[in-house]
Amino acid sequence: MIGFIGRRLVNYVFLSAIATALGYLLVSATFQPAARFLGRNPPVPQASIDAALDKLGVNPSVPILERLWEWATHLVTTGSLGISTRGTQVTADIFERAGTSLRLLVIGTVLGAVIGVALGVWGAVRQYKASDQVITYASFTVLATPVFVIGILLMIGATLLNRAVGTNVINFTGEYSAGIQGNFFVILQDRLVHLLLPTITLTIGAVASYSRYQRSAMLDVLSADYIRTARSKGRTRGSALIRHGVRVALIPMSTFFAYSFGLVLTGASITESIFSWHGMGEYLIMSTTNSDVNAAAGTILFTSILVLIAGTLSDVIYAALDPRVRV
Amino acid sequence: MTFTDPNTTTLPEDGTVRELGERGTTRGATILRRVFAAKRARVGAILLVIIALWAFVGPLLYPWGFLDQDVRAFGDPPSLNHWFGTNNIGQDIYAQTLVGLQKSLIIGFIVGPAAALIAGIVGAVAGYLGGVWDRIIVWVIDLLLVLPSFYILVLLSPVFRSLSWLALVVFLALFGWMVLARVIRGQTMSLREREYVKAARFMGVSGATIVRRHILPNVASLLIIDATLGIGAAILAESTLSFFGFGVQPPDVSLGTILALGSTSAVTRPWLFVFPAGILVVTVLASSLLGDALRDAIDPTSGATSD
């Protein structure tokens, strides 16, 4: 098993490194960092444009492969991802923003997976009954709704609620209220309230897709012989379904977890931007609007490392659930 | 990491190809009958047709054009005169929504099938050739899956933003085929060992012809399912990109750009946001209901053929 995980890990590390390098080349080729200096009045002299671009290491007159080499060696030797167009260290930005993103992502993903799996099992066991139909159509509708629409609808709802009550019950802009003072519990409560709407946005989407997959995986398992065997040796229906059904049905889900991780990241970046959370998703969108090559390349590296971790984790879960992999 | 995509297909990658067709009927007729036996399929297909007709005929039957300004109605709520209300410069939201819907539908109906076609060709070539080519193609697919497509499209947006919306269509298709291609590859690998494919090969038929004549028709069902589901997925991707200003650019409008404009005052004037959003959801829902019912009808392992 260690060997299996190890081989996978090496493969992922290799893929991530190549993806990051290609990503760097891609943004270097498409972004135009010089554009923000052009068309100014008075015009910026070419020498100072060059100096500014050289400082960031994004001067288009330097061959693109040379820039990549500079960036990569700088990263390996000093651990620095360069300077953003706003003059901050990209590495420091990422550490700060990654915390924000993870606080949002972890809760949403875990809640979404748990509720989604539970609803999927429930729907499969009660196939074609009213509750199954409701879950099915509800998840179809959620999956047909863009994440940003869910977020904005929740914001409209919260605003109406706030108006009806007369005070700000649900704050939804940013990660915490600006300039909030008080003891630990006041700050904690403020943060939890801010988490509410973004977490719901992320969770709803995750629940909808996980429940669909879990339902179809569970339906495949329900008619299997070993469920009947478990029943005939005297297990109760519930016990047979949980011990022998759900466990087996979770195996394909671990693969799906890795596959869906990209969708989770996409959803998170949209959610962050809508609710003004200064996380990594927002960083990506900002870096594109600012033509910030270093920030974008840093985000690519960060994302591919996350995808690498998710892939390895799903392999570990797979191996833990499916004894056939462990040989 | 094996990526089967249960969202688009439930066939296993080792892919035993299943026989369809009951005695006395052709395969196509059987599939059609099964598809339309499902209520979801009928609802989805009829909805899609109605939405498409509405988008293209609706504006002709409505007095306001999508750029017309009604100086007596700035930011009015829905009324008999303006069915979905007006925005703060007096433009009619109903007219705008229909024009945006046209663009979104066109994008969806091109990108969905185009992505499925790329997936079919790449997957079939990888599975049929095998060996080094197969390994290279799978590796490229895995590489493209490292970053979420949405991220890649955002990073590429400086390229297609300066071009027309057709460039967006091309890019959406270019980054939407990878998962299905892996499934098609698995199917092709089992098809390759079939007697008729072997017979064709031994008779000296070229690889390209075998892929075209024997492989692609056998995976066509998967491609049709994904082309249908892809319509909705493309409309979602387009609207999200446009919402953030990375997709369709003015003067072109799509549902995404309308929603982006409407979202800024969504709280005070909900009609600017809620109506276009509702139509977007119904459109995508119709395509996914139809796609899902197609899958149930074509793929016997997915269980339900009636509901």
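Derivation of every value follows stated rules applied to the coordinates shown; laboratory data play no part. Values in this document were obtained by computation on a predicted structure and should not be read as measured data. We place every Cβ from the backbone using ideal geometry, glycine too, and count neighbours over all the protein chains shown.
Set against the 2.2 N^0.38 Å expectation for a compact globular protein, the stretch A:84-177 has a Cα radius of gyration ratio of 1.53. Placing +1 on the Cβ of every Lys and Arg and -1 on the Cβ of every Asp and Glu, with no other charges, gives chain A a dipole of roughly 1560 debye about its Cα centre. Rounded to the nearest 500, the 222 nm mean residue ellipticity of the protein assembly as shown from helices alone is -23000 deg cm²/dmol, with -39,500 (n - 2.57) taken per DSSP H run of at least 4 residues.
Here the Gaussian network model covers chain B, with springs between Cα atoms less than 10 Å apart; of B:T30, B:T86, B:T228, B:T30 fluctuates the most.
Quantify how much of the Cα-Cα distance distribution of the stretch B:33-298 extends past 24 Å, in percent. In whole percent, the long-distance tail amounts to 56. Where the alpha-carbon atoms of chain A are placed on the principal axes, they occupy 84, 61, 39 Å, in descending order. FRET efficiency for the pair B:M203 and A:F14, taken as 1/(1 + (r/R0)^6) with r the Cβ-Cβ distance and R0 = 60 Å, rounds to 0.90. Positive contributions from Lys and Arg (+1) and negative ones from Asp and Glu (-1), summed over other residues with Cβ under 11 Å from the Cβ of A:D315, come out at +1. Rounded to 0.05, the FRET efficiency of the A:I64 and A:F95 pair, given R0 = 35 Å and the Cβ-Cβ distance, is 0.80. Tell me whether the protein assembly as shown comes out rounded, prolate or oblate; compute the Cα gyration tensor, take square roots of the eigenvalues as a ≥ b ≥ c, and use a/c under 1.5 as the rounded threshold. The shape class here is rounded.
Charge dipole (Cα centre; +1 on Lys/Arg Cβ, -1 on Asp/Glu Cβ; no other charges) of the stretch B:33-298 amounts to roughly 1020 debye. Here the stretch A:257-327 and the stretch A:185-205 have alpha carbon centers that stand 20 Å from each other. Here the label points at A:K129 and A:V106, each 7 Å from Cα along the C-beta direction, are separated by 3.7 nm in the simple model. The Cβ shell under 10 Å around A:E282 holds other residues with a net charge of 0, Lys and Arg each +1, Asp and Glu each -1. Taking amide H as placed 1.01 Å from N in the peptide plane, the amide H of A:G174 sits under 5 Å from that of A:S276, A:W277, each at least 5 places away or on another chain. With the charge dipole of the protein assembly as shown set up from +1 on Lys and Arg Cβ and -1 on Asp and Glu Cβ about the Cα centre, the Cα lying farthest toward the positive end among the listed residues A:N59, A:I227, B:N81 is that of A:I227.
Remark: the Cα gyration tensor places the stretch A:100-242 in the prolate category, a/c being 1.5 or greater and a/b exceeding b/c. To the nearest ten degrees, helix A:293-321 and the longest principal axis of the Cα atoms of chain A are 20 degrees apart.
Each of A:T85, A:G262, B:G262 was scored by the projection of its Cα onto the charge dipole of the protein assembly as shown, and the greatest displacement toward the positive side belongs to A:G262; charges sit on the C-beta of Lys, Arg, Asp and Glu.
Looking at A:I285, A:Y176, B:A181, which one has the Cα that reaches farthest to the positive end of the dipole of the protein assembly as shown (charges on Cβ: Lys, Arg +1; Asp, Glu -1)? Farthest towards the positive end: B:A181. Among A:Q181, A:Q214, A:Q32, the largest mean-square fluctuation in a Gaussian network model of chain A, built with springs joining Cα atoms closer than 10 Å, belongs to A:Q181.
Could you tell me whether the stretch A:138-180 comes out rounded, prolate or oblate from its Cα gyration tensor? Rule is a ≥ b ≥ c as square roots of the eigenvalues, rounded for a/c under 1.5, then prolate if a/b exceeds b/c, otherwise oblate. Oblate, because a/c is 1.5 or more while a/b does not exceed b/c. Dipole magnitude for the protein assembly as shown: computed about the Cα centre from +1 point charges on Lys and Arg Cβ and -1 point charges on Asp and Glu Cβ, it is near 1940 debye.
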